[in-house]
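Each remark here refers to the structure printed beneath this line.
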2 protein chains.
Amino acid sequence: MTSLNAILRQKQHGPITITPETSIRKAVALLAEKRIGAVVVVSAENELVGILSERDVVRSLASSGAETLDMMVAQLMTPHPTTATPKTTVFEAENLMTDGHFRHLPIVDDGKLIGVVSIGDVVKRLIDEQADQVRNLRDYVAGVHAA
Amino acid sequence: MTSLNAILRQKQHGPITITPETSIRKAVALLAEKRIGAVVVVSAENELVGILSERDVVRSLASSGAETLDMMVAQLMTPHPTTATPKTTVFEAENLMTDGHFRHLPIVDDGKLIGVVSIGDVVKRLIDEQADQVRNLRDYVAGVHAA
């Protein structure tokens with residue numbers, strides 16, 4: 001079974017990060033500029049401290065209105081998000097994200113943040129892999145019948 | 001292959017809708033209350049006219065700031081979204097959503113909006129179905145060897 005490392009190796013760039021003291025105004029500009037749905041929050045020491053998603057921002061808009069833009073990332077982020085390692089399989093990752101109802105999984109290796117995979121990345125890989133299995137098994141069955 | 005009808009039948013309720021003249025302030029309150037990521041926009045005649053997602057709101061926050069809350073749904077929604085029918089297969093739906101980079105697919109039958117399926121719904125069903133196929137083929141192969 002493929003590990004998350006295979007997905008990370010195909011990424012064009014490292015994880016997009018932001019600090020907890022950044023304003024939501026700047027955070028939404030970053031999400032728009034990078035065309036991403038969530039950004040990883042790291043301390044000055046590059047330690048993972050949270051994740052901020054579009055959903056966190058929209059939920060705050062509903063409860064606090066326009067004040068949201070002047071809040072800090074630390075106030076809206078999900079602290080201590082679930083993480084995985086490069087060795088976590090795509091199957092395990094899909095289960096983590098489905099069970100936990102989140103779409104972005106930070107990947108930590110040896111205490112350091114090395115990437116983020118999205119539910120889209122994981123599902124695409126999982127579906128491709130299962131389709132390969134079905135094809136191989138069908139070819140095998142066809143071979144057995146032909147022999 | 002399973003059709004989207006199988007997913008719709010498991011839904012607890014019909015689609016959550018909103019009108020194009022509603023304010024974004026009210027729209028984000030609805031998204032929060034219903035715990036959903038997008039809402040279908042319908043005319044007074046219940047005709048589908050667009051879809052409004054958390055992403056649309058956050059992108060507007062980045063470009064227009066706090067004014068976003070006083071805008072109308074019609075200004076930020078994606079008009080004329082791609083739709084499917086109850087007979088569309090989960091495989092076709094997954095391809096539509098992956099290719100088009102959207103997460104919510106309105107289902108229209110005989111000109112009427114009858115539901116919305118999310119990429120999560122579709123992918124879960126697709127993965128379950130493929131896992132069944134792999135299991136059946138493996139059982140078959142094991143049977144051939146035992147015979």
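The values are calculated or read from the model by the stated rules, or taken from the named source; none is laboratory data. As the structure is a prediction and not an experimental result, all values here were calculated from the model. No Cβ is skipped: glycine too gets one built from the backbone with ideal geometry, and neighbour counts run over all protein chains shown. All accessible areas refer to the heavy atoms of the entire protein, side chains included, with ligands and DNA or RNA removed. Shrake-Rupley method; radii C 1.70, N 1.55, O 1.52, S 1.80 Å.
Worth a mention:
- Residue in region A:4-19 that is within 14 Å of chain B (Cβ to nearest Cβ) and β-branched (Val, Ile, Thr) present: yes
- Of all residues in region A:95-114 being open to solvent by less than 20 Å² (accessible area, probe 1.4 Å) and under 19 Å from B:Val123 (Cβ atoms), the one that is nearest to the other protein chains (Cβ to nearest Cβ): A:Met97
- Hey, B:Glu54 closer than 18 Å to B:Ile114 by Cα, in contact with a strand residue (DSSP E or B) (Cβ under 8 Å, 6 or more places away or on another chain) and of a type in the set (Asp, Glu) or not: no
- Restricting B:Arg138, B:Arg125, B:Arg55 to those that are facing chain A (nearest Cβ under 10 Å), basic (Lys, Arg) and surrounded by 18 or more Cβ atoms within 10 Å (Cβ to Cβ) reduces the list to B:Arg55.
- Residue check for A:Val41: more than 11 Å from chain B (Cβ to nearest Cβ) and within 13 Å of the chain's Cα centre (by Cα): yes
- Region B:73-94 - residue that is open to solvent by less than 40 Å² (accessible area, probe 1.4 Å) and farther than 15 Å from B:Asn5 by Cα and, of those, nearest to the chain's Cα centre (by Cα): B:Pro81
- If you go through region A:121-147 and keep only what is free of Cβ contacts under 8 Å to residues at least 60 places away in the same chain, part of a helix (DSSP H, G or I) and among the aliphatic types (A, V, I, L, M), you end up with A:Val123, A:Leu126, A:Ile127, A:Ala131, A:Val134, A:Leu137, A:Val141, A:Ala142, A:Val144, A:Ala146.
- Verdict on B:Val117 being β-branched (Val, Ile, Thr), open to solvent by less than 30 Å² (accessible area, probe 1.4 Å) and either on the phi > 0 side of the Ramachandran plot or outside any strand (DSSP E or B) (or both): no
- The residues of region B:1-35 that are touching a helix residue (DSSP H, G or I) at 6+ places or on another chain (Cβ under 8 Å) and under 12 Å from B:Glu54 (Cβ atoms), listed by number, are B:Ile24, B:Ala27, B:Val28, B:Leu31, B:Ala32.
- Residue check, A:Pro106 touching a residue at least 12 places away in the same chain (Cβ under 8 Å) and within 23 Å of A:Lys34 (Cα to Cα): yes
- Tally of residues being among the basic types (Lys, Arg) and modelled with pLDDT of 95 or more across region B:1-54: 2
- Evaluation of B:Ser64 against (1) away from chain A (no Cβ under 14 Å); (2) open to solvent by 30 Å² or more (accessible area, probe 1.4 Å); (3) farther than 26 Å from B:Gln133 by Cβ; (4) among the polar types (S, T, N, Q) (one fails), failing number: (1)
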